[in-house]
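Accompanying notes for the structure given below.
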Amino acid sequence: MRDNPLGIITPKTFSGEQIAKIAVSTFGTDEITPEQLSATLAFLVPSLYELKYHRIGNGGKKPTFIVPKYGGGNPAKAVAHRPFQIQPMNDIYPNLVVKKARQLGFSELGVAFMIWWADVHSQAGVNCLYTFPTLKQMRDFVQMRLNSVLNSSPYYRSIIGDTNSVNVKQIRNSFLTFRTSSKSSSVEGINADFASVDEYDHVSASAEQSIEGSISSSPYKVLRRWSTPTAKGMGIDDLYEHSDQWFWSIKCNHCGYENELSYDAYDGSSIEAGGNMLQVDEDGVDYKARTVRPGTFIYVCKKCGKKLDRWYSGHYLCRYPSRTADTSGIRGYTVNQMDAVWITADMLKASELKAKSKQSFYNYCLGEPYEDQNLKVYDSDILDHAAFPTKVENRADYKFILVGIDWGVKHTVVIAGITENNRFDIINDFQVQGVRPTVGQAGEDIRHLYKMLKPYNPDLIFADVGDSGEKIHNLIDIYGQNKVWG
């Protein structure tokens, strides 16, 4: 093999002599046909395997990474131009994470890589685990997307074994297991060699421990995690910060500057202060209608301010290559919608105008956590404004009782009391085990919470909305809409 960052392979990784020897060994003949040579390369390089055998769009078409000649100016072809997928697909480093925006095809990429890995290691009879945050997501993906891909590819049909259910599929002598990562019990008892964790930020800590435990005794120990980020320094953002940090860079064709695209407005006075967004039509934004006139915004170089060509000048750069000089570190990638040529600067600005919140825009479109400094809470904000007496088990002599609730796998509850002289006391805190809305258990956690709060007779209850807000409605049914706020 030629010199490359550890774990990253390409068609150039192997010499022609090496490929020929592998082909002769694989097929047992010195007369290697072009098809046999192509199959050998596909087994050596994951991206070539995907191009040769995989299908996308419910199995209707072959995947592509690069569209030549700017797609002939056809915007519909731009969506197939995804060069930023190639290196992560060809990266076999054992501990890999991707911090990403939505709609960039990484779930599809993750499944394609897993099929390649299971096929290549089939002689060893390996076990692969792929998890989704919810059972519904897992079943929908397998039934509506994966099954159509496997059925539409003649090669995949030829290697699928007798076991072919929603939860388990056999690839030659290897097995692919699909589970939900919503709770640890769903992934317990699985001995895996390879684990892929989709939407990592929505995986419970206990489930994550079970997933890591499932590969702990394997000689391979391959772990791949990707997600849209949520909070700064948490989940996938924390993993990426401790990784070697590969990022997609656009090299300016005019001045040669390497641009890690930033959504900030271009500032000609400073590369550090400005970003890559330039508004060239001052009247192109209708804030009331939340629309952007085509041609209002363009991507420009941070350094020279000239328009960027994102099609063929993009490549990955690494900030901390020493962190993955061996296999003990984390290989990390970050990709966002600015890296996708089919998403124009106008479209991105329109997405911001229509987003439900600043955080959702940053998470889903920019692939970054969002932290509003005006809303950030510091330890001193609480310690300087509240007292912490001995735990109080009832309302006692407090004139006003407030309850704060953070829904989760375990609901965290904080109770505060206000005295007659307006002192603010934190008088109790506890957790209530969350219950998924299954038949026979729905509302059990709310009933237990009501029992715990009854001695306090709360005046106000503040809770986060949660996944769908149904628990807020349950509390309103008990306490009334004037006491409960979400």
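Before moving on, here are some points about what is shown:
- Any pair with Cβ under 8 angstrom, 6 or more apart, that starts in segment 379-403 at a residue that is among the acidic types (Asp, Glu) and ends at one that is surrounded by 10 or more Cβ atoms within 10 Å (Cβ to Cβ) and not in a strand (DSSP E or B): GLU393/PRO455; ASP397/THR419
- Pairs are defined by a Cβ separation below 6 Å, a sequence spacing of at least 6 or placement on different chains, a first member in segment 197-217 that is closer than 15 Å to THR230 by Cβ and acidic (Asp, Glu), and a second member that is in a loop (DSSP other than H, G, I, E, B) and open to solvent by 30 Å² or more (accessible area, probe 1.4 Å); the pairs so defined are ASP201/THR230.
- Checked against (1) touching a residue at least 24 places away in the same chain (Cβ under 8 Å); (2) open to solvent by 10 Å² or more (accessible area, probe 1.4 Å); (3) more than 23 Å from VAL149 (Cβ to Cβ); (4) assigned to a loop (DSSP other than H, G, I, E, B), TYR93 passes all but a single condition, namely (2).
- Residues (surrounded by 12 or more Cβ atoms within 10 Å (Cβ to Cβ), part of a loop (DSSP other than H, G, I, E, B) and either touching a strand residue (DSSP E or B) at 6+ places or on another chain (Cβ under 9 Å) or at pLDDT 95 or above (or both)) located in segment 268-283: GLY274, GLY275, ASN276, VAL280, ASP281
- Boolean, LYS21 is without any contact (Cβ under 8 Å) to a residue 12 or more places away in the chain, on the phi > 0 side of the Ramachandran plot and open to solvent by 20 Å² or more (accessible area, probe 1.4 Å): no
- Checked against (1) within 16 Å of the chain's Cα centre (by Cα); (2) more than 28 Å from ALA325 (Cβ to Cβ), GLY233 meets all criteria but (2).
- Being under 25 Å from SER152 (Cβ atoms) and either modelled with pLDDT under 95 or not hydroxyl-bearing (Ser, Thr, Tyr) (or both) holds for only one residue in GLN123, GLN87, GLN103, and it is GLN103.
- Here is the figure for segment 294-347: residues that are open to solvent by 60 Å² or more (accessible area, probe 1.4 Å), of a type outside the set (S, T, N, Q), under 19 Å from GLN87 (Cβ atoms) and outside any loop (DSSP other than H, G, I, E, B) total 3.
- Residue match in segment 316-336 (condition: touching a Phe, Trp or Tyr at 6+ places or on another chain (Cβ under 8 Å) and of a type in the set (Asp, Glu)): no
- Candidates are the residues of segment 133-153 that are open to solvent by 80 Å² or more (accessible area, probe 1.4 Å) and of a type outside the set (A, V, I, L, M); the one that is farthest from GLY60 (Cα to Cα) is LYS136.
Conditions tested, residue by residue: (1) modelled with pLDDT of 85 or more; (2) of a type in the set (Gly, Ala, Ser); (3) in contact with a His (Cβ under 7 Å, 6 or more places away or on another chain); (4) over 26 Å from THR134 (Cβ atoms).
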{"site": "GLN431", "(1), (2), (3), (4)": "yes, no, yes, no"}
{"site": "ARG447", "(1), (2), (3), (4)": "yes, no, no, no"}
{"site": "TYR456", "(1), (2), (3), (4)": "yes, no, no, yes"}
{"site": "GLY469", "(1), (2), (3), (4)": "no, yes, no, no"}
{"site": "ILE476", "(1), (2), (3), (4)": "yes, no, no, no"}
{"site": "TYR479", "(1), (2), (3), (4)": "yes, no, no, yes"}
{"site": "TRP485", "(1), (2), (3), (4)": "yes, no, no, yes"}
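- Considering residues of segment 177-204 that are touching an Asp or Glu at 6+ places or on another chain (Cβ under 9 Å) and not in a loop (DSSP other than H, G, I, E, B) only, the residue farthest from ASN127 (Cα to Cα): ASP201
- Any hit, segment 395-406, residues being within 30 Å of VAL203 (Cα to Cα), acidic (Asp, Glu) and over 29 Å from the mean Cα position of the chain (by Cα): no
- Per the conditions (1) in a helix (DSSP H, G or I); (2) free of Cβ contacts under 8 Å to residues at least 60 places away in the same chain; (3) in contact with a helix residue (DSSP H, G or I) (Cβ under 9 Å, 6 or more places away or on another chain), the sole criterion not satisfied by MET138 is (3).
- Checked against (1) in contact with a helix residue (DSSP H, G or I) (Cβ under 8 Å, 6 or more places away or on another chain); (2) crowded, with 20+ Cβ neighbours inside 10 Å, GLY233 passes all but condition (2).
The values are calculated or read from the model by the stated rules, or taken from the named source; none is laboratory data. These numbers come from a predicted model, not from an experiment. When we count neighbours, we look across all protein chains shown, and the Cβ atoms used for this are built from the backbone with ideal geometry, even at glycine. In case anyone asks, the SASA skips ligands and DNA or RNA and just uses the protein heavy atoms, side chains included. Shrake-Rupley method; radii C 1.70, N 1.55, O 1.52, S 1.80 Å.
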